[in-house]
Structures are given as C-alpha cells and as structure tokens.
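See below for the structure under consideration.
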Amino acid sequence: MYHVRGMVNPGGIKKLPAAFYRNANGVEPVREWLKGLPVADRHAIGRDVAVAEFGWPVGMPVCRSLGNGLWEIRSTLPGGRIARILFCVADGRMVLLHGFHKKTQKTPEADIKLAHKRMKEVAR
C-alpha cells in the first residue's frame, strides 16, 4: 500500500508513471534542474509528482491542464516559493518536459512555448 499526501493506493501501482523528456543530445533538462535544487525542494516536488503518478487523473491543487495536451504539476516549496513542472501524457507515461520556479501569477509564455516545443518532439 502506498501513502502520499493523504492518498492511499492499494498495491502501490502507478497509474501514470513519470518519464523525463530527453533531447537529441541525451540531456534530460528536468532531471538536471531537479538535481540543482535543495533536497527539501526536490522532496516537495517529488511528492507532487508521486501524487499524479499514483492518483491520475488528479486535479487541483496538484495538477492543472494548460490546454492542448499540456499539464502542470503545482508545487509549493519551503519558504512559500512556487515550482512548476510542465508535462504531457504520451504512451501511457507522464513525460516531464520543463521545470521552473514560478515568480509571477501567470505562467510565463516562454515556459509554455518551450514545453510545447518539447511535447512536439515527444510526439514524433
């Protein structure tokens, strides 16, 4: 049995396993971004990714659709900071496309465009 943020998943079966987007050079940008974060931040984001993996479909406050097949995982970090991971669903997996710290109320258009670009690469 798997417990995450008050959720129970008997048997611990991931409904939507996470996978990192990998570019043509073999680089996984979200993994690299996560490695550069403090441990407490990685744990907070990891818990939210696990909620989506084990409980999919998940709505607010953890996940939100941005439209056109793009979703965001919404994480509150220690100190009240905010992080987002943008992802798409492809081949039964949650493909983690882009991660960033959110500093404005609206998700920056450049972050959405980058995630859409990567999503198109995943669809090929």
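Looking across the stretch 34-62 at every residue that is over 12 Å from the mean Cα position of the chain (by Cα) and part of a helix (DSSP H, G or I), the one that is surrounded by the fewest Cβ atoms within 10 Å (Cβ to Cβ) is identified as Val39. The lone criterion from (1) closer than 25 Å to Ile13 by Cβ; (2) touching a residue at least 24 places away in the same chain (Cβ under 8 Å); (3) part of a strand (DSSP E or B); (4) touching a Phe, Trp or Tyr at 6+ places or on another chain (Cβ under 8 Å) left unmet by Val122 is number (3). Inside the stretch 63-74, can you point out the residues that are surrounded by 13 or more Cβ atoms within 10 Å (Cβ to Cβ) and either charged (D, E, K, R) or assigned to a strand (DSSP E or B) (or both)? Of everything in the stretch 63-74, those that are surrounded by 13 or more Cβ atoms within 10 Å (Cβ to Cβ) and either charged (D, E, K, R) or assigned to a strand (DSSP E or B) (or both) turn out to be Cys63, Arg64, Leu66, Leu70, Trp71, Glu72, Ile73, Arg74. Residue count for the stretch 100-110, restricted to those that are under 13 Å from the mean Cα position of the chain (by Cα) and either within 14 Å of Leu66 (Cβ to Cβ) or among the polar types (S, T, N, Q) (or both): 1. When you scan the stretch 97-111, do you find a residue that is in contact with a Cys (Cβ under 8 Å, 6 or more places away or on another chain) and either in a helix (DSSP H, G or I) or within 20 Å of Ala44 (Cα to Cα) (or both), even just one? Checked the stretch 97-111: at least one residue is in contact with a Cys (Cβ under 8 Å, 6 or more places away or on another chain) and either in a helix (DSSP H, G or I) or within 20 Å of Ala44 (Cα to Cα) (or both). For the stretch 75-88, a residue qualifies if it is surrounded by fewer than 17 Cβ atoms within 10 Å (Cβ to Cβ) and in contact (Cβ under 8 Å) with a residue 12 or more places away in the chain, and the qualifying residues are Thr76, Pro78, Arg81, Ile82.
Every number in this text was worked out from the coordinates using simple rules, so none of it is lab data. Keep in mind it's a predicted model, so treat the numbers as computed, not measured. Because the Cβ atoms are built from the backbone with ideal geometry, glycine has one as well, and the counts that use them run over all protein chains shown.
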